[in-house]
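First the structure, in the form of structure tokens, and then the observations on it.
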Amino acid sequence: MANSILTITLNPAVDKSTNVDNIKPEKKLRCDKPKYEPGGGGINVSRGLARLGITSTALFLSGGRTGSLLEELLQTENVYTLPITVAAETRENFIVVDTSHNEQYRFGMPGDEITATESENILQQIQSITPAPKIAVLSGSLPPGVPAKLLRQIVTDLKEKGTLIVADTSGEALAEILKEGVHLLKPNLGELSTLTGQEELDNDTADEAAQILVNEGKADIVVVSLGPQGAYLVSKNEVIHVPAPSVKKRSTVGAGDSMVAGMVSVLQKGGSLTEMARMGVACGSAATMSSGTGLFTKENAEKLFNWLNK
């Protein structure tokens, strides 16, 4: 384990991005040289933490040639890895920016089927990690074949060892995780609406909806991502709104994962909830300043964090 932070990504990807001028149907498009970068929720959190000078271990499923490339790419970014080999080929995503309008097109590919035996091996691998991590981040989607209840069992096992759980996923996987409760949850408005059964949430009602989850014991801290409006942090005793800085947006890929990385960096250091919320918004906003899937730079994140502290 690297510095007692574990990120778990069960449906990772290699993100392939390029630029092209004036996308039109049935026309041969001359693209720029493609760029390959690691992708997937927890993997991006580990990449973001590395940019902030914090080490973590990225646990993920790896299969085929794309899986080997993913492992190589993470090594170049100095991310500690704990790959779990599976038969299925690791998926690849495709991102294209039309430079004539600066519009981004994101093509997400599905993962291949994971067998029941491989799913059981995932659980055994996580159970065998010693010492147990101080913080575990479960982020991203589930690949086909992996039951949502597996994530609930992972959370149960880690919590019994004293690990703080950070969750950033959706759908059935998130519903299962919250049956056990987590320390930190980062939903967007749509996910929060689904979790609380309230329709048409907005900035004025998001904090009240988040408080429901805290009161029900599903999370100690809920940070609601509001996109350009920043974020709400809600705990048992505090409600904190952090506005998003105005920046020149180049890409939104990885902004949510960058936000989680910023918050985990403060959690790991024992910082305040206000610092956590501000660092999360700073890193998420800084990620939108980078093109492709490059996440954020430490310089931009720290600059925005200092601005938010004024």
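The values are calculated or read from the model by the stated rules, or taken from the named source; none is laboratory data. Quick caveat: nothing in here was measured; it's all calculated off a predicted structure. Here the Cβ positions follow ideal geometry from the backbone for every residue, glycine too, while neighbour counts run over all protein chains shown. These area figures cover heavy atoms from the full protein model, side chains too; ligands, DNA and RNA do not enter into them. Shrake-Rupley method; radii C 1.70, N 1.55, O 1.52, S 1.80 Å.
If the chain between GLU238 and ARG65 were fully stretched, how many nm would it gain, using 0.36 nm times the residue separation less the Cα-Cα distance?
Numbers: separation 173, 0.36 × 173 = 62.28 nm, distance 4.74 nm.
Fully extending the segment from GLU238 to ARG65 adds 57.5 nm.
May I ask for the net charge around LYS310, where only other residues with Cβ less than 12 Å from the Cβ of LYS310 are counted and Lys, Arg are +1 while Asp, Glu are -1? Could you put the intermediate results ahead of the total?
On the way: positive: ARG278, LYS303; negative: none.
Once all neighbours under 12 Å are counted, the net charge is +2.
Over the chain, average the accessible area per residue using a 1.4 Å probe and give it in Å², no decimals. Provide the component values of the computation, followed by the final result.
Working: 14140 Å² over 310 residues.
So the chain comes to 46 Å² accessible per residue, rounded to a whole number.
Just the number, please: carbon plus sulfur as a percent of the accessible area of region 31-146, 1.4 Å probe, no ligands or DNA/RNA counted.
Its accessible area is 51 percent carbon and sulfur atoms.
So what is log10(I(q)/I(0)) for region 154-226 at q = 0.17 1/Å, when the Debye sum runs over its Cα atoms only?
Debye curve over Cα of region 154-226, log10 I(q)/I(0) at q = 0.17 Å⁻¹: -0.56.
Evaluate the charge dipole of the chain about its Cα centre and quote only its size in Debye, nearest 20, assuming +1 on the Cβ of each Lys and Arg and -1 on the Cβ of each Asp and Glu.
Values: 29 positive and 36 negative charges, 198 e Å.
About 940 debye.
Roughly how many percent of the accessible protein surface of region 213-269 is carbon and sulfur, given a 1.4 Å probe and a whole-percent answer? Let's see the in-between values first.
Details: 1080 of 2450 Å².
Roughly 44 percent of what the probe reaches on region 213-269 is carbon or sulfur.
By the scheme Lys and Arg +1, Asp and Glu -1, what is the net charge of all other residues having a beta-carbon under 15 Å from that of ARG152? It would help to have the intermediate numbers written out before the result.
Details: positive: LYS149, LYS159, LYS179, LYS218; negative: GLU120, ASP157, GLU160, GLU172, GLU176, GLU180.
Residues close to ARG152 contribute a combined charge of -2.
Net charge near GLU118, counting Lys/Arg +1 and Asp/Glu -1 over other residues with Cβ under 14 Å of its Cβ? Display every interim value, and only then the final one.
Working: positive: none; negative: GLU89, ASP112, GLU113, GLU120.
Net charge around GLU118: -4.
In whole Å, how far is the Cα centre of region 256-285 from that of region 1-80?
When both Cα centres are located, 21 Å separates them.
Once you have all Cα-Cα distances for region 141-272, histogram them in 10 Å bins from zero and send the whole-percent values.
12, 42, 36, 10, 0
Ranked highest first by the average count of other Cβ atoms within 10 Å around their residues, in what order do 101-108, 218-225, 280-287, 84-91 fall?
Numbers: 101-108: 12.4, 218-225: 23.4, 280-287: 29.2, 84-91: 18.8.
Ranked by mean Cβ neighbours within 10 Å, highest first: 280-287, 218-225, 84-91, 101-108.
Tell me which GluC sites (Glu not before Pro) from region 172-224 have a DSSP coil assignment and no more than 11 other beta carbons within 10 Å of their own.
Details: sites: GLU172, GLU176, GLU180, GLU191, GLU199, GLU200, GLU208, GLU216; in loops: GLU180, GLU199, GLU200, GLU216.
The qualifying sites are GLU199, GLU200.
In angstroms, what radius of gyration and Dmax does the chain have, counting Cα atoms only?
Cα only, the chain: 18.7, 58 Å (Rg, Dmax).
P(r) of region 1-141 in 5 Å steps, Cα pairs, percent per bin?
2, 10, 18, 20, 17, 13, 9, 6, 4, 2, 1, 0
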